[in-house]
Structures are given as structure tokens and as C-alpha cells.
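Peer 1: Pasting a structure below so you can have a look.
What follows draws every value from the coordinates through simple rules; no lab data is involved. The structure presented is a predicted model; accordingly, all values stated were derived computationally and were not measured.
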Amino acid sequence: MTEKQLRQVQSQLPDGTQILRLYRAFEGDYRVIAKTPGDNFEKRYTIKFENDYPRIQLMP
């Protein structure tokens, strides 16, 4: 994942969200673990690419 794509992912998250981890999953997609200010828990997102643009999706 490029720096540009990482900035695009960050722009889709709520303001102030801190990305804790970003990794390539065994299934082949990218995963983001992030924490929003004021929350005591982490949220997990998966990244799907549409052409070269990454779209995040909240994982259950």
C-alpha cells in the first residue's frame, strides 16, 4: 500500500482516529485496526480496492 492510499484510508475515517495497525491479511486483503478518540475499544476495517482507490468497510 502506498503513502497516497494510506492518506485516502485516513480521510475516510472519523476525525481524530488513530490507526494502530495496518497489515496484509492471510486472505490477501488489507486490514486496519483503529481507535476513535473517546472510545475504549478498537474498530477493525477491511480495505477493498476499486481500481486504485481504497474503500474501507467496518468488519463485524
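Peer 1: Do the sum for the chain: with -39,500 (n - 2.57) for every DSSP H run of n ≥ 4, divided by all residues, what is the mean residue ellipticity at 222 nm, to the nearest 500 deg cm²/dmol?
Peer 2: Here the helix-only value at 222 nm equals -5000 deg cm²/dmol.
Peer 1: Just to confirm the number: angle between the C-alpha axis of helix 3-12 and the first principal axis of the chain, 0 to 90 degrees, nearest 10?
Peer 2: 50 degrees
Peer 1: Amide H of residue 30 versus every other amide H placed in the peptide plane: which residues, excluding those fewer than 5 positions away on the same chain, fall under 5 Å?
Peer 2: 25, 47
Peer 1: Which label marks the calculated value of Rg/Rh (Cα atoms, Kirkwood Rh), given the options [x] 1.42; [y] 0.94; [z] 1.25?
Peer 2: Only one option fits the structure, namely [y].
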